Protein chains: 2
Amino acid sequence: MNIKAYIDKIVRDAKKASRLMAIADTSIKNAALEQMALNFTNSKEMLIVENEKDLRAAEENGLSSAMIDRLQLTEPRIDAMAEGIREVINLTDPVGEIMEDIVRPNGLNIQKIRVPIGVIIIIYESRPNVTADAASLCLKTGNATILRGGKESIHSNIAIYRQISLALEKVGLDKNAIQVIETADREAVGHLLKADEYADLVIPRGGESLIRNVVENSTIPVIKHYKGVCHVYVDEFADTDMAREVCLNSKLQRPGTCNAMETMLVHEKISDTFLPDIYKGMSDAGVELRGCEKSRKIIPEIKQAVEGDWSAEYLEKILSVKVVSSIDDAIEHISVYGSAHSDAIITEDKPNAKKFADEVDSAAVYVNASTRFTDGFEFGMGAEIGISTDKLHARGPMGLKELTSYKYIIHGTGQIRR
Amino acid sequence: MNIKAYIDKIVRDAKKASRLMAIADTSIKNAALEQMALNFTNSKEMLIVENEKDLRAAEENGLSSAMIDRLQLTEPRIDAMAEGIREVINLTDPVGEIMEDIVRPNGLNIQKIRVPIGVIIIIYESRPNVTADAASLCLKTGNATILRGGKESIHSNIAIYRQISLALEKVGLDKNAIQVIETADREAVGHLLKADEYADLVIPRGGESLIRNVVENSTIPVIKHYKGVCHVYVDEFADTDMAREVCLNSKLQRPGTCNAMETMLVHEKISDTFLPDIYKGMSDAGVELRGCEKSRKIIPEIKQAVEGDWSAEYLEKILSVKVVSSIDDAIEHISVYGSAHSDAIITEDKPNAKKFADEVDSAAVYVNASTRFTDGFEFGMGAEIGISTDKLHARGPMGLKELTSYKYIIHGTGQIRR
């Protein structure tokens, strides 16, 4: 197989399909989504058979049980996948929205119109449901999509892809509007990332090394988040009962997510009383604490944190703890070690709340709420394709609107520039 | 000089300054701009002396007279530079705008707030006034800026930079909010482009090879346009008088700009009458025409176009001409050879106008108007830092709003996620 020629054909076909998708009616896009959902529920058996090939390989390759669990397709998971697609049908199609409409003194009517981005490449790992989720969101927004999953889920991804293609063909859309790379060869990624003549955006989803590799090699714009090192700062003016609940929730509601708390900052004026309280709550829930000197003077059972702890994304029941002497200290710590994802302050003091919200340069800054809310559904977007910690185009949860661009359409009556 | 250490200090200082700039009041930012304008008009003599060093070097290095003209600072040009800055003072500061404000069913108040992007690197060539223009727009929007001009204008840029620094210090802003790279060593650019830990955006302005180099080497997001290959399509239903005026204006009002017409497409049903008419107008104005076979059958004086002509950005009095047999042909040609910058249709037929506007995937699509209007001032943005043919973040002219990002600030009363 000539990988370069294979990718070249894929990106050209995607570009062609994107031109048709850009003018496709909402009704036909929704019909395709409905057909996709139907095809998934009607082909569970086949999907599970193909998925078992991946599961067997995963076991042979000694993947962790957590990885294998994420990889597995079960009947309820396939139903959930179909349900997710049906939810996308119910979301408003943002394409065609008139975002601005002005008439200039010379009579030119300038309209800013929401349009699809074009061709989107998604590079991801393990979970085969991403294939269906990402495809459905990009389809709804009129984009052409190229999906490149991990080699550990290749049989599952291709099986899902077959059902997607059949759905597109059935409703009369260009089947190249959604394509899955059918080779696990890493060379394919290299060619994809240089296809800036045809593709408009790359979204990598996975571990930091995957994302770093994409950023370093892509000549196509990338939207990403490397990791989530999220903080809760318990201010001297905090309602400590609220602080305890929010900290426990931020750490424990789902520790493996990017918006879970990894570091807790506690003002020294309340640390003597708050730390023992939260230490008990965290310990009872099986959380290991790693702290600074000051925190260990209050609770000697807290382990000594090392420098690496402050920038660690544990994604498990470990929490680093630091006692700070001021809100400025807290903000400075977050600025140095944070990942600009989601950070919270717990305080009853309005000026401190405002200072924290203004000065912490993160996608989502919370005052008196759990960091766990950074999520497209929780933000009312209906769905999300990912979270961005970049500052360009999309920051925070990326919903349907964030999968669109705009163009200017200008109507005149023969205006020329003087 | 250790270039790596030098750049490392610059980007760190810029990041620090960006945190202060993000919370700076509009009034102090405007005071800095006013002081900058004042400093320029008060230091004309010094600026011209420094500029002369660049001019002498340019002559020694045999730069073209067009290049030398662009490089030159004169008293009126310095006044214009100051005037440009004063115009930025009068523009509305977009920072702090509440873009969305919703209350979720759980009581969380989610606000989407406009904030500066952070640290912006601008890499550009020749014109020293870019140093002042770009700095003033980035300052107004609360960004920290790192400017890297071409080596041909380094004395001028540093002289302008000194006046900017003095202005920042005088009003009490961090002088590192605007920095100019004071070495012409190309190694500096390489280090800048890898500083993704500190910088948020790179805007390259210059020739295609400069921009291509930035895209290939940067791990920081880039917004750019490679070139402007703009088309006017004269439809079979065109008002041919209007078509002639718009074509002449699009080509000739300023041929050296990125939104000037480079290729004219003419429907075959009107080519017999329209081509002789426009040929006369263009020839009289000194434009050389290069055309397809069909056009040369009508006007034998038209030179034979070669394949490279269809994608050429001439930036001078040369125009390629193609006779097309349908609007679909025209759209297809633009899709293959265009640069997604600015393209126009001249037609009195509404369905054709709509089809062209919908299907031509360019930043600005005109119906019955000159392509020359793609410009921040003409669009009512007040100023522009450049034009983007990318689809992410900013497309078309980039004004003040396009130099901002957003963050979510979420106020709660102790909400936790279930």
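The values are calculated or read from the model by the stated rules, or taken from the named source; none is laboratory data. No experiment lies behind these values; they were computed from the predicted model shown. All Cβ positions, glycine included, derive from the backbone under ideal geometry; neighbour counts span all protein chains shown.
Descriptive notes on the structure:
- At least 3 residues being closer than 19 Å to residue A:365 by Cβ and under 28 Å from the mean Cα position of the chain (by Cα) is the threshold, and among the helices (runs of 4 or more DSSP H) wholly inside region A:185-304 those reaching it are A:240-252.
- Subset of region A:24-47 [within 14 Å of another protein chain (Cβ to nearest Cβ) and in contact (Cβ under 8 Å) with a residue 40 or more places away in the chain]: A:24
- Selection count where residues are out of contact with any helix residue (DSSP H, G or I) (no Cβ under 8 Å at 6 or more places or on another chain), more than 7 Å from chain A (Cβ to nearest Cβ) and part of a loop (DSSP other than H, G, I, E, B), scope region B:342-375: 4
- Single residue of region A:209-227 satisfying the filter (touching an Asp or Glu at 6+ places or on another chain (Cβ under 6 Å) and of a type outside the set (A, V, I, L, M, F, W, C)) that is nearest to the other protein chains (Cβ to nearest Cβ): A:219
- Note on region A:184-208: among residues that are more than 21 Å from residue A:138 (Cβ to Cβ) and in contact with a helix residue (DSSP H, G or I) (Cβ under 7 Å, 6 or more places away or on another chain), the one that is farthest from the other protein chains (Cβ to nearest Cβ) is A:184.
- Restricting region B:218-242 to residues that are among the acidic types (Asp, Glu) and out of contact with any His (no Cβ under 9 Å at 6 or more places or on another chain), the residue that is farthest from residue B:254 (Cα to Cα): B:239
- Residue among B:378, B:313, B:332 that is within 12 Å of chain A (Cβ to nearest Cβ), surrounded by fewer than 24 Cβ atoms within 10 Å (Cβ to Cβ) and not in a helix (DSSP H, G or I): B:378
- Single match in A:192, A:201, A:168 (criterion: out of contact with any Phe, Trp or Tyr (no Cβ under 6 Å at 6 or more places or on another chain), over 30 Å from residue A:390 (Cβ atoms), surrounded by 18 or more Cβ atoms within 10 Å (Cβ to Cβ) and at pLDDT 95 or above): A:168
- Residues that are more than 10 Å from chain B (Cβ to nearest Cβ) and among the charged types (D, E, K, R), drawn from region A:381-401: A:384, A:401
- Cβ pairs under 7 Å, 6+ apart, first in region B:58-80 and of a type in the set (Val, Ile, Thr), second part of a helix (DSSP H, G or I) and surrounded by 14 or more Cβ atoms within 10 Å (Cβ to Cβ): B:68/B:55; B:68/B:58; B:78/B:40; B:78/B:41; B:78/B:44; B:78/B:47
- Search result, residues across region A:402-418 that are more than 7 Å from chain B (Cβ to nearest Cβ) and not β-branched (Val, Ile, Thr): A:402, A:403, A:418
- In region B:228-240, the residues that are away from every other protein chain (no Cβ under 13 Å), farther than 15 Å from residue B:339 by Cβ and out of contact with any strand residue (DSSP E or B) (no Cβ under 6 Å at 6 or more places or on another chain): B:237
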